[in-house]
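Remarks on the structure that follows.
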Amino acid sequence: MITSDEPGSFAWTVLAKRHPALIQQVRDAVPYPPEHQRALDALLAETAHGVIEPLPAEAHDHARWAAWSAQYLGRSWFEVPFLWAESYFYRRLLEAVRYFEPGPWQGIDPFASFKRAELRDATVGEELAALDDLSKLPPEEQDQAMLTSALWGNRADLGFRISSADPSDLGRHLITDDSHLLWSHLANSPSPTVYLLADNAGRELIPDLILIDQLLHTGRADQAVLHVKPYPYYVSDATTADVIDCVRRIAEAPGRAGTIGARLFDALSGGRLSVRSHPFSCAPLPYADMPDDLRSDLAHATVTISKGDLNYRRLVGDRLRPATTPFADLTSYFPSPLLALRTLKSDIAVGLEPSALAALEATGEPWRTSGTHAVIQFRPSPAGLTSNP
């Protein structure tokens with residue numbers, strides 16, 4: 001199990017460097033009143049030098065987090081599992097800014113200004129304009145371009161960029177590419193329904209939505225379901241509000257992008273595209289521990305597309321294993337066929353061929369955590385299960 005107690009490690013850097021920087025960015029972005037500022041000060045001190053404290057007894061999800069926290073309370077943030085500590089940090093940050101507490105600050109997303117500013121960036125307009133040229137490609141190449149765009153859109157992760165030395169210098173190295181298995185699976189499935197577990201909002205969610213439109217518009221999917229977070233999480237993780245913002249941004253663009261935005265609007269209002277959220281999306285637990293209602297929902301997917309590094313860590317378990325451990329073995333519990341689109345931003349690496357691993361290790365570069373490498377990994381339907389019932 002990965003922890004954050006090794007100075008200089010990736011996990012240590014997130015807790016010791018990224019989280020304090022994020023608290024300062026939240027202060028700079030939102031004029032929170034003094035009591036909120038004091039709560040942020042207390043969270044900063046606790047995570048740096050103190051021990052893990054429980055949520056207030058009056059918190060709406062106190063019982064849930066009490067069960068998840070029982071073995072970690074009173075310990076250093078750096079010695080507990082990294083995945084748990086990261087998740088709990090974001091839940092505590094929302095508590096500090098009174099996100100759930102009835103009153104004038106209830107429901108105010110502390111990260112909203114970051115996400116909306118990104119949508120106004122000129123780069124987004126350039127990326128949307130590129131769709132006009134993409135329409136000149138053969139249909140199969142358009143499909144693959146949309147999938148690749150959704151994969152590399154994760155380089156726009158705001159939380160990652162807080163601590164990235166040079167976020168613009170992101171190479172595009174695809175280590176594993178099972179995309180042909182996805183296209184074959186969809187082509188051989190009657191009335192396919194595609195689920196997508198979203199990761200980040202803004203510049204990443206836009207290509208996710210465009211990929212969904214491509215699948216619906218070309219008939220590769222009859223229905224689509226987009227799972228987002230029920231509340232702000234990990235700086236830039238997508239919520240329903242972010243979906244609406246992104247659809248509007250696409251629809252406002254000229255050319256093909258505007259047409260796609262209009263189709264997405266119609267798909268949402270007409271029911272071909274559904275948006276769902278589940279509390280487990282913000283749990284500090286692996287997907288192997290998902291509750292029965294979420295498992296039942298995901299079992300209806302012809303394929304579930306998982307986006308991003310955090311979802312990947314939760315799919316395979318946030319543990320250090322040999323990088324050649326088969327992806328299919330670690331995700332055999334998942335109730336539907338599964339495609340992972342992931343740019344590597346943490347120490348986890350699985351499903352690699354020995355030759356590819358040897359070549360990566362020989363570079364001496366931090367390829368596991370730099371966001372410069374990616375995988376597209378597919379696992380077909382688990383034995384004994386029938387997808388798309």
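With VAL375, VAL350, VAL303 as the choices, which residue is crowded, with 17+ Cβ neighbours inside 10 Å and free of Cβ contacts under 8 Å to residues at least 40 places away in the same chain? The unique qualifying residue is VAL350. Go through (1) assigned by TED's automatic domain parsing to the domain that holds ASP242; (2) within 22 Å of ASP289 (Cβ to Cβ) one by one and return the number of the condition ALA117 breaks. Single failed check for ALA117: (2). Of everything in region 207-249 that is more than 26 Å from ALA187 (Cβ to Cβ), of a type in the set (A, V, I, L, M) and at pLDDT 95 or above, the residue that is surrounded by the most Cβ atoms within 10 Å (Cβ to Cβ) is ALA238.
In region 85-143, the qualifying residues are those that are modelled with pLDDT under 90 and among the polar types (S, T, N, Q), and the one that is farthest from TYR32 (Cα to Cα) is SER135. In the set ARG272, ARG256, ARG321, ARG313, which member is crowded, with 16+ Cβ neighbours inside 10 Å and either farther than 25 Å from ASP132 by Cβ or β-branched (Val, Ile, Thr) (or both)? Every option except ARG313 fails the conditions.
Which residues, counting only those in region 53-109, are of a type in the set (Ser, Thr, Tyr) and over 22 Å from the mean Cα position of the chain (by Cα)? Full working, then the answer.
Let us first name the residues in region 53-109 that are of a type in the set (Ser, Thr, Tyr), namely 69, 72, 76, 87-88, 90, 99.
SER69, TYR72, SER76 - these are the residues of region 53-109 that are of a type in the set (Ser, Thr, Tyr) and over 22 Å from the mean Cα position of the chain (by Cα).
The values are calculated or read from the model by the stated rules, or taken from the named source; none is laboratory data. Computed from a predicted model, the values in this text were never measured in an experiment. Note: ideal-geometry Cβ built from the backbone for every residue, glycine included; neighbour counts use all protein chains shown.
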